[in-house]
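In what follows, a structure is listed as structure tokens, so that the remarks can point back to it.
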């Protein structure tokens with residue numbers, strides 16, 4: 001998968017910071033993730049959920065609301081309604097540059113906001129709330145009052161390690177915001193996810209959201225998880241559940257995929273404007289890349305790494321098959337390889353005398369109850385693996401342009 005760092009302008013001309021997590025190959029659909037009130041796009045839960053979905057073929061855009069994280073603007077000038085507007089603007093960015101999002105995901109107050117924003121998203125199919133309050137005014141619990149109520153900026157809120165000033169309009173907007181009508185007229189598939197152990201937002205809120213919404217709707221209890229999904233296993237679990245649930249309403253898992261590789265052929269294609277390369281082998285997708293030091297993005301092994309991996313995996317498979325056929329107790333075979341270019345004059349066993357040659361060093365570790373003769377025989381067999389023989393044989397590569 002690949003993560004792109006992006007920015008887009010909201011309706012107030014503020015530049016909002018975002019990250020687009022892309023799957024390997026063409027995305028099956030797009031999702032938009034709204035973070036929790038006291039978080040940012042980089043919170044671990046957002047990261048793991050987005051990456052889990054990307055591994056299932058779903059591209060996810062996660063962004064910082066105005067005045068939060070790396071986005072422009074002053075937090076004190078924002079409110080719940082402006083967060084809703086930011087979600088709509090993020091969706092419009094996807095529509096203009098990629099594809100209209102089919103899934104909206106919101107964590108905590110972000111989930112309440114996506115319910116409010118849903119009616120403005122044309123192609124939306126599914127909505128997910130995670131630990132979300134039924135009433136936006138729930139946020140008032142973490143707001144402190146300085147006692148000077150006659151001033152504009154007499155409230156503060158602590159987000160992570162930072163304390164932000166807010167204006168009275170923020171509280172007024174919370175009190176005036178209601179999602180009752182939005183839920184009853186949603187007309188979209190809704191998944192409500194909540195932990196009974198959430199000590200920030202009571203699970204009663206999940207019950208209120210679920211009961212107010214009309215079908216199709218689903219509820220999943222996130223047993224033992226905390227409000228922020230601090231445990232990596234919990235957030236990955238949430239991501240996997242969302243992809244499976246969404247496949248009922250969006251053609252994700254069962255859609256007819258473009259056949260990229262057939263007739264035992266390998267298809268290799270560059271991605272975007274960098275060195276990252278998608279490799280399609282039948283139904284398998286892998287990625288090749290180069291280190292950042294040579295202009296790559298380091299999202300996968302380089303071509304020579306794959307050459308060594310091919311030789312190494314062929315060696316271990318050959319050894320295992322031979323030992324099984326002989327009935328020998330080879331529990332595991334481990335191969336360590338290294339490739340380098342050396343001068344021919346430094347290679348005593350090489351026929352080439354001038355220039356440089358490719359030199360591969362292969363070390364083999366055999367684990368199991370094997371005697372000395374068996375180990376020596378397996379060492380001989382290693383040189384008989386098909387890839388090893390190919391590398392030592394005459395190779396012809398015929399290249400032509402496709403019309």
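The values are calculated or read from the model by the stated rules, or taken from the named source; none is laboratory data. Just so we're clear, the structure is a prediction, and the values are computed from it rather than from any experiment. Neighbour counts are summed over all protein chains in view; Cβ atoms, including those assigned to glycine, are modelled from backbone coordinates with ideal geometry.
Scan segment 330-367 residue by residue and report those that are surrounded by 11 or more Cβ atoms within 10 Å (Cβ to Cβ), farther than 23 Å from residue 301 by Cα and modelled with pLDDT under 95. Within segment 330-367, 343, 344, 345, 347, 350, 352, 356 qualify.
Quick check, is residue 327 at positive phi and assigned by TED's automatic domain parsing to the domain that holds residue 385? First the steps, then the outcome.
Working: at positive phi: yes; assigned by TED's automatic domain parsing to the domain that holds residue 385: yes.
When the stated conditions are applied, residue 327 passes them.
Out of 205, 235, 247, report the one residue that is at pLDDT 90 or above, surrounded by 18 or more Cβ atoms within 10 Å (Cβ to Cβ) and under 22 Å from residue 31 (Cα atoms). Break it down into steps so the answer makes sense when it comes.
Details: 205 fails: under 22 Å from residue 31 (Cα atoms); 247 fails: at pLDDT 90 or above.
So the residue among 205, 235, 247 that is at pLDDT 90 or above, surrounded by 18 or more Cβ atoms within 10 Å (Cβ to Cβ) and under 22 Å from residue 31 (Cα atoms) is 235.
Please enumerate the residues belonging to segment 1-15 that are part of a loop (DSSP other than H, G, I, E, B) and touching a strand residue (DSSP E or B) at 6+ places or on another chain (Cβ under 8 Å). Residues satisfying the conditions are 1, 10.
Among the residues of segment 315-353, those identified as in a helix (DSSP H, G or I) and under 18 Å from residue 377 (Cβ atoms) are 315, 316, 317, 318, 319, 320, 321, 322, 323, 324, 325, 326. Candidates 96, 70, 77: the one that is without any contact (Cβ under 8 Å) to a residue 24 or more places away in the chain, surrounded by fewer than 21 Cβ atoms within 10 Å (Cβ to Cβ) and either within 23 Å of residue 226 (Cβ to Cβ) or in the same structural domain as residue 130 (by TED's automatic domain parsing) (or both) is 96.
Give the residue that is farthest from residue 62 (Cα to Cα), with candidates limited to residues of segment 206-226 that are in a helix (DSSP H, G or I) and in contact with a helix residue (DSSP H, G or I) (Cβ under 7 Å, 6 or more places away or on another chain). Steps first, please.
Step one: filter segment 206-226 for residues in a helix (DSSP H, G or I), giving 206-212.
Then keep just the ones that are in contact with a helix residue (DSSP H, G or I) (Cβ under 7 Å, 6 or more places away or on another chain); that gives 209, 212.
Values: 209: 23, 212: 27 Å.
It comes out as 212.
When segment 109-123 is filtered for residues that are in contact with a strand residue (DSSP E or B) (Cβ under 9 Å, 6 or more places away or on another chain) and either over 21 Å from residue 205 (Cα atoms) or part of a loop (DSSP other than H, G, I, E, B) (or both), only 121 remains.
Any residue that is touching a strand residue (DSSP E or B) at 6+ places or on another chain (Cβ under 7 Å) and in a helix (DSSP H, G or I) - is there at least one of those in segment 70-82?
Looking only at segment 70-82, we keep the residues that are touching a strand residue (DSSP E or B) at 6+ places or on another chain (Cβ under 7 Å), and these are 70-72, 75-76.
So of that shortlist, the ones also in a helix (DSSP H, G or I) come out as 75-76.
Checked against the condition, which is being touching a strand residue (DSSP E or B) at 6+ places or on another chain (Cβ under 7 Å) and in a helix (DSSP H, G or I), segment 70-82 yields at least one hit.
Filtering 229, 183 for residues that are in the same structural domain as residue 102 (by TED's automatic domain parsing) and outside any helix (DSSP H, G or I) leaves a single hit, 229. For segment 358-403, the tally of residues that are within 17 Å of residue 322 (Cβ to Cβ), without any contact (Cβ under 8 Å) to a residue 24 or more places away in the chain and in a loop (DSSP other than H, G, I, E, B) stands at 2. The single condition among (1) loosely packed, with under 12 Cβ neighbours inside 10 Å; (2) modelled with pLDDT under 90 that residue 177 does not satisfy is (1).
Can we say residue 38 is touching a helix residue (DSSP H, G or I) at 6+ places or on another chain (Cβ under 8 Å) and surrounded by fewer than 22 Cβ atoms within 10 Å (Cβ to Cβ)? Give the derivation first.
On the way: touching a helix residue (DSSP H, G or I) at 6+ places or on another chain (Cβ under 8 Å): yes; surrounded by fewer than 22 Cβ atoms within 10 Å (Cβ to Cβ): yes.
Judged against the criteria, residue 38 is a match.
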